[in-house]
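Before any comments, here is the structure.
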Amino acid sequence: MTYQSEFPTRVVAFGNQKGGVTKTSTVVNLAAALSERDKRVLIWDLDVNCGSTRLCGLPQGLNVFGTYEVMVGDESPEDVIIRPGDLDTVNLPKNVHLIAASTKLEGIEAELVAKHGPFATSHNALKDPIASLNGHYDYIFLDTSPSMTPPTKAAYMATQYFVLTAVPERLAIEGLVNAIQYIKHARQSGNPTLRLMGVVMNQVPGRPTRLSRTLLEEVDRHFGVGDEFMRRFESNISASTIVPSVQQQGVTLFDAAPDHKVTQQYRELAAEFEARFARLVDPQIEIKAVQPATVMEAANG
């Protein structure tokens with residue numbers, strides 16, 4: 001690799017302790033939006049369901065080396081990275097690379113014990129591989145599982161930053177709270193500098209319902225005070241049938257519908273995302289505050 005990022009590579013895990021919150025769509029389309037801004041992004045799929053892998057066009061049943069082989073120590077990350085043009089079926093934006101997941105991840109704990117002895121653990125299996133890529137990317141995005149699988153535990157221990165994703169549904173909001181608890185546990189268990197970098201809301205109705213307004217206000221109440229980097233991103237991703245339609249095609253919104261409203265929202269999210277990281281370097285850079293819905297507005301629907 002010859003690319004050298006301006007800053008040390010920022011490793012960002014994306015998650016929620018509930019599925020169905022369009023986490024993978026956020027990972028892939030945010031990476032595509034950042035590629036338009038000339039940022040180099042590695043998507044690292046850690047989910048046994050292979051969401052990012054499938055969304056990038058890798059068909060089910062096509063076996064390639066990826067996360068499993070890196071975590072058990074059989075391959076280096078550089079040797080399993082998929083780049084634009086490497087495979088005919090894979091649709092990666094320029095500047096976006098992929099480390100694929102596979103269903104073999106279900107058996108990774110047993111394989112680690114078989115290869116490295118009874119005290120082998122997956123918790124720290126990503127630290128050195130990620131460190132070996134420092135400087136080669138602007139961002140490494142870790143797409144985690146909604147359940148606390150061994151690869152997801154390893155992500156919590158190896159990542160520097162965490163972005164939570166949610167939809168305006170009660171169980172998804174509860175999943176955010178659970179994820180915060182896991183972040184706290186990770187800090188106490190060997191990753192003390194891990195920090196939350198915000199909450200992305202997906203599938204937000206264009207005409208908010210009373211329930212959706214109440215839940216958005218609840219997110220702002222929990223995450224809009226204290227650490228400014230914890231607050232909800234202003235750039236909501238609207239509910240739209242185009243998102244699942246595009247996912248079935250194995251392409252990004254930027255390929256299928258570059259002028260769509262939701263695609264533009266991902267561009268706005270990318271700009272806000274970069275502004276938050278820029279503020280870590282220069283606190284004088286302004287981050288616009290979210291204006292939470294008031295209780296009265298929510299009650300009036």
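For the range 68-79, does any single residue satisfy the condition of being under 30 Å from Ser245 (Cβ atoms), touching a Phe, Trp or Tyr at 6+ places or on another chain (Cβ under 9 Å), surrounded by 18 or more Cβ atoms within 10 Å (Cβ to Cβ) and not acidic (Asp, Glu)?
Scanning the range 68-79 turns up no residue that is under 30 Å from Ser245 (Cβ atoms), touching a Phe, Trp or Tyr at 6+ places or on another chain (Cβ under 9 Å), surrounded by 18 or more Cβ atoms within 10 Å (Cβ to Cβ) and not acidic (Asp, Glu).
Condition (residue is in contact with a Cys (Cβ under 8 Å, 6 or more places away or on another chain) and under 20 Å from Leu126 (Cα atoms)) applied to the range 19-39: is it met by at least one residue?
No.
Give the number of residues within the range 172-201 that are of a type outside the set (Gly, Ala, Ser), touching a residue at least 40 places away in the same chain (Cβ under 8 Å) and in a strand (DSSP E or B). Give the derivation first.
As a first pass, look at the range 172-201 and keep what is of a type outside the set (Gly, Ala, Ser): 173-174, 176-178, 180-185, 187-188, 191-197, 199-201.
After this cut, where a residue has to be touching a residue at least 40 places away in the same chain (Cβ under 8 Å) as well, the list is 173-174, 176-178, 182, 197, 200.
From what's left, in a strand (DSSP E or B): 197, 200.
Total satisfying the criteria: 2.
If you scan the range 20-73, which residues turn out to be of a type outside the set (S, T, N, Q) and free of Cβ contacts under 8 Å to residues at least 12 places away in the same chain?
Within the range 20-73, Gly61, Glu69 meet the criteria.
For (1) at positive phi; (2) touching a helix residue (DSSP H, G or I) at 6+ places or on another chain (Cβ under 8 Å); (3) crowded, with 19+ Cβ neighbours inside 10 Å; (4) not basic (Lys, Arg), each residue gets a yes or a no:
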| residue | (1), (2), (3), (4) |
| --- | --- |
| Ala33 | no, yes, yes, yes |
| Asp38 | yes, no, no, yes |
| Leu42 | no, no, yes, yes |
| Leu46 | no, yes, yes, yes |
| Asn63 | no, no, no, yes |
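Can you pull out every residue in the range 202-218 that is within 18 Å of Leu269 (Cβ to Cβ) and either in contact with a helix residue (DSSP H, G or I) (Cβ under 7 Å, 6 or more places away or on another chain) or touching a residue at least 60 places away in the same chain (Cβ under 8 Å) (or both)?
Asn202, Gln203, Val204, Pro205, Leu216
Test each condition in (1) of a type in the set (A, V, I, L, M); (2) under 20 Å from Leu34 (Cβ atoms); (3) assigned to a helix (DSSP H, G or I) for Val219 and report the one that comes out false.
Evaluating Val219 over (1) of a type in the set (A, V, I, L, M); (2) under 20 Å from Leu34 (Cβ atoms); (3) assigned to a helix (DSSP H, G or I) leaves (2) as the failure.
Restricting to the range 168-179, what's the tally of residues that are touching a helix residue (DSSP H, G or I) at 6+ places or on another chain (Cβ under 9 Å) and either modelled with pLDDT of 85 or more or not β-branched (Val, Ile, Thr) (or both)?
5
Condition check: farther than 22 Å from Pro244 by Cα, under 18 Å from the mean Cα position of the chain (by Cα) and not β-branched (Val, Ile, Thr). Does Arg54 satisfy that?
Taking the combined requirement at face value, the residue does not satisfy it.
Could you tell me how many of the residues in the range 88-121 are of a type in the set (Val, Ile, Thr) and part of a helix (DSSP H, G or I)?
3
Restricted to the range 122-134, and to residues that are in a loop (DSSP other than H, G, I, E, B) and of a type in the set (Gly, Ala, Ser), which residue is nearest to Gly73 (Cα to Cα)?
By that ranking, first place goes to Ala125.
Give the range 111-135 a look and list any residue that's in contact (Cβ under 8 Å) with a residue 24 or more places away in the chain and touching a helix residue (DSSP H, G or I) at 6+ places or on another chain (Cβ under 9 Å), or say none.
Just the residues of the range 111-135 that are in contact (Cβ under 8 Å) with a residue 24 or more places away in the chain, to begin with: 111-112, 115-116, 122-127, 129-130, 132-135.
Residues satisfying the conditions are Glu111, Leu112, Ser122, His123, Asn124, Ala125, Leu126, Lys127, Pro129, Ile130, Ser132, Leu133.
Does Ser52 fit the bill of being touching a helix residue (DSSP H, G or I) at 6+ places or on another chain (Cβ under 9 Å), among the polar types (S, T, N, Q) and crowded, with 22+ Cβ neighbours inside 10 Å? Lay out the reasoning, then the answer.
On the way: touching a helix residue (DSSP H, G or I) at 6+ places or on another chain (Cβ under 9 Å): yes; among the polar types (S, T, N, Q): yes; crowded, with 22+ Cβ neighbours inside 10 Å: yes.
Considered against the rule, which asks whether it is touching a helix residue (DSSP H, G or I) at 6+ places or on another chain (Cβ under 9 Å), among the polar types (S, T, N, Q) and crowded, with 22+ Cβ neighbours inside 10 Å, Ser52 comes out as yes.
Name the helices (runs of 4 or more DSSP H) wholly within the range 236-301 that hold at least 1 residues that are modelled with pLDDT of 90 or more and closer than 20 Å to Ser25 by Cβ? If you could, list the steps in order and put the result at the bottom.
Working: elements: 242-249, 253-256, 261-281, 295-300.
Answer list for the range 236-301: 253-256, 261-281.
Against the definition (modelled with pLDDT under 95, crowded, with 24+ Cβ neighbours inside 10 Å and over 16 Å from Thr252 (Cβ atoms)), how does Leu105 come out, yes or no?
In short, yes.
Hey, can you tell me all the residues within the range 84-101 that are without any contact (Cβ under 8 Å) to a residue 24 or more places away in the chain and loosely packed, with under 15 Cβ neighbours inside 10 Å?
Hits for the range 84-101 are Gly85, Asp86, Asp88.
Going through the range 182-209 one residue at a time, which ones are of a type in the set (S, T, N, Q) and closer than 15 Å to Ala13 by Cα?
From the range 182-209, those of a type in the set (S, T, N, Q) are 188-189, 191, 193, 202-203, 209; that's our starting set.
Listed by number, the residues that qualify are Asn191, Thr193.
The values are calculated or read from the model by the stated rules, or taken from the named source; none is laboratory data. These figures come from a predicted structure and were not determined experimentally. Cβ: placed from backbone, ideal geometry, glycine included. Neighbour counts: every protein chain shown.
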